[in-house]
Amino acid sequence: MVLRVHLSVCLFVIVLMFSGMLGLERRGTKDPDLEETVQLTATEFEEMVELTATELEESAWDDTSRTSLLERDILNVHTLGERVSDWDDQRVAYAAKNVNSGSRHFDGKRRVNVMLVSGSQPMPCDKPKGDFFILKTLKNKVDYCSLHSIDIFYNMAQLNTRMQKFWSKLPLLHTLMLSHPDVEWFWWMDSDAFFTDMKFELPIEKYANYNMVVHGWYKDVYEDKNWVGLNTGSFLIRNCQWSLDLLDAWAPYGQSGKAQVAAGRLFANYLHGRLAFEGDDQSALVYLLISQRQKWAEKTFLESTYFLHGYWVILVDDFEKMMERYHPGLGDERWPFVTHFVGCKPCHGNYGSYPMDRCAKQMERAFNFADNQVLQTYGYVHPNLSTHSVEVDTPKATNVGREKVRG
Ligand code: UDP
Ligand code: MN
């Protein structure tokens, strides 16, 4: 038994090491809470994994056994506070009472109210340079929102101790939804994502029949069951009952401790390319879309016609070519809307999947690429994408601008 425990723990450590080396450990940060969790649950984990693996083989996609498995391994605690079940009615009542609050309401002919939501950890980054990059991505988001009259909420508080780090977006969105019945869409964007097309706007009318919009591909999610078939670094979620229900269904996989470890193992068994690291929000969403397809898939739009999320590795080397050939406002590979530094950990230096030097160099370039679109309207430009210095330039008033008038 002792030997078995050791073997399992070793295996677990090896899996973690490999996942980091292969660049697949999306969440590879040194976190004291997580380390404690792993130590505390080493024995539990071994028992749990054995049970889970056997049952998973037997149960496949059978609903009953999967549910019982989750009930045991993933604590059946409601993590997001009191359940709300009449939110759509409450929002209708709110809209009726607040008819005079101008165009900041709902769909139809009025301007759809969108709030950008982002955040970062409550503590300083490991290195001062991390905080510098966080500030740059925040400035970039403020610029985009101010150009397009979008509200922005940036969170640095730990709202729910059971849902930490990348899971913190769930309690945050839940809280914001209930506090802002006037906001129709919440738009989560990771702190390590930059707007790189300052002119492009969300084709929001296209999503009239959907409650969630995520960058991703149908085949990768539903046929290949690939955990990177979509990306939860930038997504839209409508303020409605469906979304509250989705957050309720999504949250249990992210509870710190045993549940999150079990969730990681479950995702590793079900999803393609996913190793057994702690449960993450992206895998959980892919898992829910596949396993409870009838509930969630119909109202979830997988967007790939422009970069609602764009993987930095395939974009950043072409910025100069883009500037030669194209112009802002396209949003796709010709001029990407969002460039997301997946696998870089700006706040944690070398714990990411890519060397920090490479990340830092390219984040600076992405920032300047976007910043040029802002500065050019004021008559300045970065002479090249690697420098923070600027030169005087002919103002280009048409580049970006307040095309939509607020209010
Ligand atoms: N985040 C947060 N609070 C935290 C840690 C992370 O709001 O304490 C946000 C932050 O915006 C980050 C996102 O959650 O970009 C995803 O977290 P992850 O650890 O996956 O970071 P990334 O992979 O984006 O570097
Ligand atoms: Mn990210």
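The values are calculated or read from the model by the stated rules, or taken from the named source; none is laboratory data. As the structure is a prediction and not an experimental result, all values here were calculated from the model. Heads up, the Cβs are rebuilt from the backbone with ideal geometry, glycines too, and the neighbour counts pull from every protein chain shown.
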Exercise. State whether the residues of segment 120-130 include one that is at pLDDT below 85, in a loop (DSSP other than H, G, I, E, B), in contact with a Gly (Cβ under 9 Å, 6 or more places away or on another chain) and surrounded by 14 or more Cβ atoms within 10 Å (Cβ to Cβ).
Key: no
Quiz item: Considering only strands (runs of 3 or more DSSP E) fully contained in segment 178-239, which possess at least 2 residues that are touching a Ser or Thr at 6+ places or on another chain (Cβ under 6 Å)?
Solution: 193-195
Quiz item: In the set Trp217, Trp250, Trp187, Trp242, which member is within 16 Å of ligand 2 (Cβ to nearest atom) and of a type in the set (Phe, Trp, Tyr)?
Solution: Trp187
Quiz item: In this structure, does Ala259 turn out to be touching a Pro at 6+ places or on another chain (Cβ under 7 Å) and modelled with pLDDT under 95?
Solution: yes
Exercise. Please work out if Lys225 is away from ligand 1 (no atom under 14 Å from the Cβ), touching a His at 6+ places or on another chain (Cβ under 6 Å) and not acidic (Asp, Glu).
Key: yes
Exercise. Could you figure out which of (1) under 25 Å from Asp86 (Cβ atoms); (2) more than 11 Å from ligand 1 (Cβ to nearest atom) isn't true of Leu170?
Key: (2)
Exercise. Select, from Leu275, Leu266, Leu302, Leu285, the only residue that is within 30 Å of Arg365 (Cα to Cα) and buried (at least 16 other Cβ atoms within 10 Å of the Cβ).
Key: Leu302
Quiz item: If the Cβ limit is 7 Å and pairs must be 6+ apart or interchain, which residue in segment 184-196 that is over 10 Å from Ser234 (Cβ atoms) and of a type in the set (D, E, K, R) pairs with which residue that is in a strand (DSSP E or B) and within 7 Å of ligand 2 (Cβ to nearest atom)?
Solution: Asp192/His340
Quiz item: Residues Trp312, Trp296, Trp335: which one is farther than 19 Å from Leu202 by Cβ, in contact with a His (Cβ under 7 Å, 6 or more places away or on another chain) and buried (at least 17 other Cβ atoms within 10 Å of the Cβ)?
Solution: Trp312
Self-check item: Every pair of residues 6+ apart whose Cβ atoms lie under 9 Å, when the first sits in segment 266-285 and is touching a residue at least 24 places away in the same chain (Cβ under 8 Å) and under 19 Å from Ala297 (Cα atoms) while the second is acidic (Asp, Glu) and part of a loop (DSSP other than H, G, I, E, B)
Solution: Phe267/Asp280; His272/Asp224
Quiz prompt | Condition check for Thr161: away from ligand 1 (no atom under 13 Å from the Cβ) and polar (S, T, N, Q) | solution = no
Exercise. Hey, could you check segment 317-348 for residues that are within 16 Å of ligand 1 (Cβ to nearest atom) and of a type in the set (A, V, I, L, M) and say which is nearest to Lys127 (Cα to Cα)?
Key: Val342
Self-check item: Output for segment 258-280, where each listed residue is assigned to a helix (DSSP H, G or I) and within 19 Å of Asp224 (Cα to Cα)
Solution: Gly264, Arg265, Leu266, Phe267, Ala268, Asn269, Tyr270
Quiz item: Which one of the conditions (1) of a type in the set (A, V, I, L, M); (2) within 16 Å of ligand 1 (Cβ to nearest atom); (3) outside any loop (DSSP other than H, G, I, E, B) does Ala370 fail to meet, given that it meets all the rest?
Solution: (2)
Quiz item: Which of the following residues is closer than 21 Å to Ser118 by Cβ and either within 16 Å of ligand 2 (Cβ to nearest atom) or under 14 Å from the mean Cα position of the chain (by Cα) (or both): Gly343, Gly331?
Solution: Gly343
Quiz prompt | Checklist (1) acidic (Asp, Glu); (2) over 27 Å from Phe367 (Cβ atoms); (3) surrounded by fewer than 20 Cβ atoms within 10 Å (Cβ to Cβ) applied to Asp151, failing item | solution = (2)
